[in-house]
Amino acid sequence: MNDAAQPVGPDVAELSRTLANAIGQVLVGKNDAVRLALIALFSEGHLLIEDVPGTGKTTLARTLAASTGADFRRIQFTPDLLPTDIIGVNIFDAKTTTFAFRRGPVFAEVVLADEINRATPRTQSALLEAMQEGQVSVDGDTYPLPQPFIVLATQNPVEMDGTFRLPEAQLDRFLLCLSLGYPDEAEEAAMLERYEKGGPAWEKLEPVTHPRAIRNAQAMVRRVPVGENIRTYIRRIAQATRQHEHVRLGVSPRGTLALQVAAQASAAMDAREYVLPDDVKALAPAVLGHRLLIETGAALRGLSGVQVVSELVSQVEVPLERTAALNTPTPSKPAGTQEAP
């Protein structure tokens with residue numbers, strides 16, 4: 001079916017519930033992680049998943065793509081991977097004596113950058129333009145990427161052999177960073193029971209929506225109003241990270257914008273037409289934590305960016321917003337009138 005002829009999708013709240021239910025058929029007991037992944041999708045952002053092998057990182061990416069009906073590509077990052085292996089390359093056609101652009105796997109709506117920290121910084125940087133501007137440039141020509149476009153990158157934070165630390169510029173382009181973690185006993189029991197005879201797999205998952213509905217939801221998220229008190233609260237949290245004694249590099253302006261749009265997505269997913277301070281509080285560690293560069297001594301003692309942001313969120317006071325009623329002057333009484341007894 002032609003994408004332009006497809007019907008407009010449901011609102012963001014209904015769409016998020018539908019997608020969460022579909023993903024939950026395959027991924028057991030990861031409701032919080034699924035919600036964050038959907039927030040990244042509806043915010044037109046990208047997602048970094050840090051966790052040990054076997055916790056469901058790849059399953060989350062594949063299931064998200066399958067449930068949305070999006071075009072999916074997986075890029076396995078290795079030390080010998082080249083930038084052209086990601087974005088594509090111009091190939092000389094002997095028949096026409098011209099160069100033709102052969103598109104790389106980044107030309108997909110959902111891209112899984114698996115073990116992204118195993119590639120060299122030069123190769124990692126090939127994703128910068130794609131993630132920020134939704135396009136790639138090759139030999140002076142610019143090629144737009146399909147929309148919606150989301151990169152889900154995974155990395156193992158424990159194993160360091162043969163890995164390269166993601167540069168700050170790369171980390172700053174990820175809207176959210178999350179960890180799936182181990183399941184609790186009840187979740188693991190449910191997983192074992194569900195998969196006793198094979199269980200549902202992402203390959204068998206039917207799409208419950210389509211990319212056009214995702215684009216409509218992204219547009220609706222941007223229309224959720226953000227009050228002045230919320231914007232002030234976000235600014236104060238960002239400023240606090242830049243002044244923290246153990247932080248060498250605080251939150252960038254891109255980080256404050258990311259927190260605002262993520263809060264808008266959270267409100268839309270809860271069927272609210274306004275953003276609450278609780279939206280900011282809940283999302284700040286996942287949105288801002290990976291963007292901080294912690295002072296070396298504090299980092300060696302185990303202090304993380306997520307811990308710093310969680311501490312600051314509990315300390316920064318939420319400013320109160322003056323209502324229109326408080327700003328409206330009291331009308332004067334006509335001359336000669338008296339107050340009722």
### Query
Hey, what angle do you get for helix 211-222 against the long axis of the chain, alpha-carbon based, 0 to 90 degrees rounded to 10?
30
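Nearest 5 is fine: what % of DSSP beta bridges in the chain come out antiparallel, could you say?
Percentage antiparallel, nearest 5: 45.
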### Summary
Within the set 264, 218, 239, GNM on the chain using Cα springs under 10 Å gives the largest fluctuation to 239
#### Entry: Choice from 134, 227, 198 with maximal GNM fluctuation in the chain (Cα, 10 Å cutoff)
198
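Subtract the Cα-Cα distance of residue 196 and residue 74 from 0.36 nm times their separation in residues, and report this length gain in nm to one decimal. Show your work: numbers first, answer last.
Numbers: separation 122, 0.36 × 122 = 43.92 nm, distance 2.74 nm.
Fully extending the segment from residue 196 to residue 74 adds 41.2 nm.
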### Query
Can you give the FRET efficiency for residue 246 and residue 184, using 1/(1 + (r/R0)^6), R0 = 22 Å, r = Cβ-Cβ distance, to the nearest 0.05?
0.10
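Run the numbers for residue 272 and residue 169: contour at 0.36 nm per residue of separation, minus the present Cα-Cα distance, in nm. Intermediate values should be presented prior to the final figure.
On the way: separation 103, 0.36 × 103 = 37.08 nm, distance 3.30 nm.
Full extension of this stretch gives 33.8 nm more.
For a protection proxy built on the mean count of beta-carbon atoms within 10 angstrom, sort 14-24, 278-288, 36-46 highest first, please.
On the way: 14-24: 19.0, 278-288: 23.2, 36-46: 25.1.
My ranking of the peptides, most packed first, is 36-46, 278-288, 14-24.
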### Fluctuation leader among 213, 130, 189 - the chain, Gaussian network, Cα springs under 10 angstrom
189
#### Entry: Listed residue (274, 107, 142) projecting farthest to the positive dipole end of the chain, Cβ model
142
### Query
Which angle from 0 to 90°, rounded to the nearest 10, does the C-alpha axis of helix 185-194 make with the longest principal axis of the chain?
50
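What FRET efficiency do you get for residue 293 and residue 94 if R0 is 56 Å and r is their Cβ-Cβ distance, rounded to the nearest 0.05? List each step's numbers first, then the result.
Numbers: r = 50 Å, r/R0 = 0.89.
In this case the efficiency is close to 0.65.
Over all distinct alpha-carbon pairs, what is the Kirkwood Rh of the range 3-223 in angstrom?
Values: mean 1/r = 0.0541 Å⁻¹.
The answer is 18.5 Å.
The numbers here are math on the coordinates, done by the rules we state, and not lab data. Just so we're clear, the structure is a prediction, and the values are computed from it rather than from any experiment. Cβ: placed from backbone, ideal geometry, glycine included. Neighbour counts: every protein chain shown.
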